[in-house]
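Visitor: Quick one: the structure is below, and I'll ask about it shortly.
The values are calculated or read from the model by the stated rules, or taken from the named source; none is laboratory data. Since the model is a prediction, treat every value here as computed from it, not as a measurement. Note: ideal-geometry Cβ built from the backbone for every residue, glycine included; neighbour counts use all protein chains shown. Accessible surface areas use protein heavy atoms only, side chains included; no ligands, DNA or RNA. Shrake-Rupley method; radii C 1.70, N 1.55, O 1.52, S 1.80 Å.
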Amino acid sequence: MNELKFIAERLLTQINNASTLQELETIRVYSLGKQGEISLLMKTLGSLTPEERKERGAQLNAVRDQITASLEAKKEILEASQLQERLEKEKIDITLPTRPQALGTIHPISQAMFEMISIFKNMGFSVAEGPDIEDDFYNFTALNIPQEHPARQDHDTFYLPPLEAGKERRVLRTHTSPVQIRTMLNKKPPLRIIAPGRVYRSDYDATHTPTFHQIEGLYVAEGVHMGHLKACLQTFCEKMFNQPQLPLRFRPGYFPFTEPSAEIDIACYRKDGQLIVGPGEDWLEILGCGMIHPKVLENCGIDSTKYQGFAFGMGIERVAMLKYGIPDLRSFYEADLRWLRHYGFSPFEALMEGASE
Ligand code: PHE
């Protein structure tokens, strides 16, 4: 009996220590297989007396059952852990990695617009918007450009039929200045807004496209004068072109909605056929501006004896061409992927700039 107990304990320990199914199977064959240790002991029962056989048989059966049960239990444990191991080993990452060659880019017009907005925001301006399809009133009349005014011809306007018969015709806005009117009609001074957006003129050659972008600026408060306008635009140009003390030239200009009016040129020069911003022998016009005409303030219900304001408007494409060294205006709209990849900006960099605001 002691010997049987000893064998049983040894086998149970082996089963317990088995670390693979294969090892367990070897133990099973070795103990319960045809030539197995327990099976061979069973065979010796025949040579015993009936009483001895009964007792010994019962003991052997108990040991065999114990080992069988133990083998079964261990098998289940090993199978489960083997499955787990396989699941971990055969795991497939089904998420698609990004493909750098297919990454989109930020269009230079959007990039220039973001940069301009962020500079003006730091000076306290907020962004205002207006519709692309305007009423004649906002685009012209309220800006002191009455029906038969010659300035209307300068704008090469796209006209649209009125919404209802007998009503005023509509226009695709020819500049962002109607947003000035909408802002002044809806809010009380002090006002400090910029209005970036798309504008339309029926004109197409190397330096004109029928759709382009402008950014409008408007500041209305008490005691505003030309000095404020100059400082604001000088600061903007220096920041935008990354050049402290960038020379600017204020030339007298004419706009029906400002008085006095000016056009601003920035200093530039040519090098290897490229136009570069900075002190040099050339000047390039980049924006129109002036003190808001008292008539325009009055058209918007603002007391022009109490409030003054300045306004400016500039072409975004023109600034983008100068800043990023883009030679041809028309290429902005050709949607040529090679051009977009070359002149476009990483969306991640653009986001980072916005985040550092
Ligand atoms: N709206 C003018 C243009 O499109 C620019 C401008 C805006 C001039 C505001 C003066 C003041 O040319």
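Visitor: Assess whether Q245 counts as being touching an Asp or Glu at 6+ places or on another chain (Cβ under 9 Å), farther than 30 Å from N144 by Cα and surrounded by fewer than 18 Cβ atoms within 10 Å (Cβ to Cβ).
Guide: yes
Visitor: Of the numbered conditions (1) of a type outside the set (G, A, S); (2) surrounded by fewer than 19 Cβ atoms within 10 Å (Cβ to Cβ); (3) farther than 19 Å from S304 by Cβ, R173 satisfies every one except a single condition; which is it?
Guide: Answer for R173: the failing condition is (2).
Visitor: Of the numbered conditions (1) open to solvent by 50 Å² or more (accessible area, probe 1.4 Å); (2) not in a helix (DSSP H, G or I), H149 satisfies every one except a single condition; which is it?
Guide: (1)
Visitor: Select from the range 110-143 the residues that are crowded, with 19+ Cβ neighbours inside 10 Å and in contact with an Asp or Glu (Cβ under 7 Å, 6 or more places away or on another chain) and list them in ascending order.
Guide: Scanning the range 110-143 gives D135, D136.
Visitor: Say we look at the range 1-26 and pick out the residues that are open to solvent by 20 Å² or more (accessible area, probe 1.4 Å) and touching a helix residue (DSSP H, G or I) at 6+ places or on another chain (Cβ under 6 Å); which of these is nearest to R56 (Cα to Cα)? Walk me through how you get there before you give the answer.
Guide: From the range 1-26, those open to solvent by 20 Å² or more (accessible area, probe 1.4 Å) are 1-3, 5-6, 9-10, 12-14, 16-17, 19-23, 25-26; that's our starting set.
Still in the list and also touching a helix residue (DSSP H, G or I) at 6+ places or on another chain (Cβ under 6 Å): 12, 14, 21.
Values: L12: 20, Q14: 24, L21: 31 Å.
Among them, the one singled out is L12.
Visitor: Shifting gears a bit: Are any of the residues in the range 77-90 touching a residue at least 40 places away in the same chain (Cβ under 8 Å) and either within 21 Å of E9 (Cβ to Cβ) or surrounded by 13 or more Cβ atoms within 10 Å (Cβ to Cβ) (or both)?
Guide: Yes, some residue in the range 77-90 is touching a residue at least 40 places away in the same chain (Cβ under 8 Å) and either within 21 Å of E9 (Cβ to Cβ) or surrounded by 13 or more Cβ atoms within 10 Å (Cβ to Cβ) (or both).
Visitor: Checking the structure you have, find out if any residue of the range 249-264 is open to solvent by less than 60 Å² (accessible area, probe 1.4 Å), within 16 Å of the ligand (Cβ to nearest atom) and either charged (D, E, K, R) or not assigned by TED's automatic domain parsing to the domain that holds H149 (or both).
Guide: yes
Visitor: Still on this structure, please answer the following. On the given criteria, is I316 more than 27 Å from the chain's Cα centre (by Cα), modelled with pLDDT of 95 or more and open to solvent by less than 60 Å² (accessible area, probe 1.4 Å)?
Guide: So I316 does not fit the description; no.
Visitor: In addition: If L103 meets every condition in (1) in contact with a Lys or Arg (Cβ under 6 Å, 6 or more places away or on another chain); (2) open to solvent by 40 Å² or more (accessible area, probe 1.4 Å) apart from one, which number is that one?
Guide: Of (1) in contact with a Lys or Arg (Cβ under 6 Å, 6 or more places away or on another chain); (2) open to solvent by 40 Å² or more (accessible area, probe 1.4 Å), only one is false for L103: (1).
Visitor: Give the residue that is surrounded by the fewest Cβ atoms within 10 Å (Cβ to Cβ), with candidates limited to residues of the range 281-301 that are on the phi < 0 side of the Ramachandran plot and more than 16 Å from the ligand (Cβ to nearest atom).
Guide: It comes out as E281.
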